[in-house]
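The values are calculated or read from the model by the stated rules, or taken from the named source; none is laboratory data. These numbers come from a predicted model, not from an experiment. Cβ atoms come from the backbone with ideal geometry, glycine included; neighbour counts cover every protein chain shown.
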Amino acid sequence: MKLNEDLWAQHQYQVIVSFVHHLAYYTVLKRCYDQSGSKSEFWTRTIDAHLLTAIMYWCMVFGADSNQVHWKKVAADDEARCSFRRHLLCAIELTREQWETYWSEMTTFRNKYAAHRIDAPVYPSVPNMDVALAAATAYDEWFRTSVTVSFQEPSLRARYDRLIRVSGGTFTKLISAGPLVDAEYEGHPPRRT
């Protein structure tokens, strides 16, 4: 099985870590913001930005094969690719057809909304991000068990869980201290149509 460990270590791992961080920040910020009951353009756009960025990072690794840090560039031969596909489908508990449907939803959302905004009366729905996280953590697990080196870094799942656990208190304080719609628009918020 041939793996491009240098590409993983020098570029791909940081992309996947960025995905995990942005997804965790989105998840915790959205929960804290919803619980606050406040209305703020700043927080709404900040939360959305974390989601969109997470999707774009995920697609760098799992989207188009032509991406320079795509997983197939690290799993550099058929044996490695088949090994990862088996591990992925088992870990996320989807059939190959279900995975392909999900992959299409993610890449469509990225291509038609997150990275490029098409002129459409209805935009694609936000894909289930739990599946994206499961795919990323499955890849991390697979890679770590496929190489002989050991890692000092925590697993992606442990990293995500830690961010979810420790960020809430700080984000709640920030949201309560942040600008509200009335302050942002000096008492004249735009009307929504």
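I need a count of the residues in the range 23-48 that are surrounded by fewer than 21 Cβ atoms within 10 Å (Cβ to Cβ) and touching a Ser or Thr at 6+ places or on another chain (Cβ under 7 Å).
So the answer is 1.
So for the range 124-143 (the condition being touching a residue at least 60 places away in the same chain (Cβ under 8 Å), over 30 Å from Lys2 (Cβ atoms), not in a helix (DSSP H, G or I) and not β-branched (Val, Ile, Thr)), does at least one residue qualify?
Scanning the range 124-143 turns up at least one residue that is touching a residue at least 60 places away in the same chain (Cβ under 8 Å), over 30 Å from Lys2 (Cβ atoms), not in a helix (DSSP H, G or I) and not β-branched (Val, Ile, Thr).
Take the residues in the range 13-45 that are part of a helix (DSSP H, G or I) and among the polar types (S, T, N, Q); name whichever of them is nearest to the chain's Cα centre (by Cα).
Ser18
Which of (1) exposed (fewer than 15 other Cβ atoms within 10 Å of the Cβ); (2) modelled with pLDDT of 95 or more does Lys173 not meet, given it meets every other one?
Failing condition for Lys173: (2).
When residues of the range 49-84 are filtered for being within 24 Å of Tyr25 (Cα to Cα) and either out of contact with any Lys or Arg (no Cβ under 9 Å at 6 or more places or on another chain) or exposed (fewer than 15 other Cβ atoms within 10 Å of the Cβ) (or both), how many remain?
The number of residues fulfilling the criteria is 9.
I want to confirm something. Restricting to the range 92-123 and keeping residues that are in a helix (DSSP H, G or I) and of a type in the set (Ser, Thr, Tyr), which single residue is modelled with the lowest pLDDT?
Restricting to residues being in a helix (DSSP H, G or I) and of a type in the set (Ser, Thr, Tyr), the top hit is Tyr113.
Within the range 46-69, is there a residue that is aliphatic (A, V, I, L, M), closer than 30 Å to Ala177 by Cα and in a loop (DSSP other than H, G, I, E, B)?
no
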